[in-house]
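Only one structure is covered here, and it is reproduced in the block below.
The values are calculated or read from the model by the stated rules, or taken from the named source; none is laboratory data. Because the structure is predicted, anything quoted here is derived from the model rather than measured. No Cβ is skipped: glycine too gets one built from the backbone with ideal geometry, and neighbour counts run over all protein chains shown. We work out accessible area using only protein heavy atoms, side chains counted, and drop any ligands, DNA or RNA first. Shrake-Rupley method; radii C 1.70, N 1.55, O 1.52, S 1.80 Å.
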Amino acid sequence: ALEILLSISTQYIEKLKLLNKQRLKIESNLRDSLTNKQLYDLMEIEKSLVYFLTSLKANADVVTKLFRTKSIKLYEEDKDLLEDVKIENNQGIETTELYTRILNSITGSYSSLISNELNKTMKTLTLFTVFLTLPTLVFSFFGMNVILPIDDKDPFSWIITLIIALILVIWIGLALWKKRIF
């Protein structure tokens, strides 16, 4: 039974190494381009690590109880084997916790990167909206049915309206540029 426990503990560590290789592969692919599939794969690895940690902690409880029990007679070889099981199991727990912290750090970093890219995109779209709204505002103001300083009978009234809109766009653009918004 102790040899089976040792074999199980050793297999946990081997499987943890495989999970870490998968994580490294996904991480290298994330640097090229970010897709939902890669994020789902990272979530699956994280879920597996949670299951591993739960199982390893349960195994640690069993090993601790085996050390404390007096009903089973343990020979010196059995005690050494049980000590090896305990060491392998603790190593598995520490490795799982380390991989979980690394994975949480990676997902947090990519979450920040995604948020940053979203902020840049929203900033660009907002600037386009501002620059497209200003001429629309000027042209709609001069298109109302009220008496304005520029009369429809003046052949250059549309050019004057266009110049006013351009001046307003350039003025707002310079103000935004001075504040380093774009």
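For the options 125, 56, 113, a Gaussian network treatment of the chain with springs between C-alpha atoms closer than 10 Å singles out 125 as fluctuating the most. For the chain, the membrane-span-like helix rule (DSSP H, alpha carbon extent of at least 15 Å along the helix axis, mean Kyte-Doolittle at least 1.0) picks out 157-178; this says nothing about an actual membrane. Computed with a 1.4 Å probe on the full set of protein chains, the accessible area for residue 120 sits at about 110 Å².
To the nearest 10, the accessible area of residue 133 is 70 Å² with a 1.4 Å probe. Placing dummy labels 7 Å off each Cα toward the beta-carbon, the span from residue 1 to residue 119 is 5.8 nm. Ranked from largest to smallest solvent-accessible area, with a 1.4 Å probe on the protein heavy atoms, 117, 77, 83 come out as 77, 117, 83. On a per residue basis, the chain carries 74 Å² of accessible surface, using protein heavy atoms and a 1.4 Å probe. At 1.4 Å probe size, with the rest of the protein present, what percent of the exposed accessible area of the chain is carbon and sulfur atoms? Carbon-and-sulfur percentage of accessible area, whole number: 62. Taking each residue as 0.36 nm, the span from residue 126 to residue 39 lengthens on full extension beyond its C-alpha to C-alpha distance by 28.5 nm.
Accessible surface of residue 114, taken over heavy atoms with a 1.4 Å probe and every protein chain present, rounds to 70 Å².
How much FRET efficiency would the formula 1/(1 + (r/R0)^6) give for residue 80 and residue 54, where r is the Cβ-Cβ distance and R0 is 45 Å, rounded to 0.05? About 0.95, to the nearest 0.05.
If you take the square roots of the eigenvalues of the alpha-carbon gyration tensor of the range 20-119 and sort them as a ≥ b ≥ c, do you get rounded (a/c under 1.5), prolate (a/b over b/c) or oblate? Note, shape of the range 20-119 comes out prolate. Projecting the alpha carbon convex hull of the range 44-182 along each direction and taking the average yields 15.7 nm².
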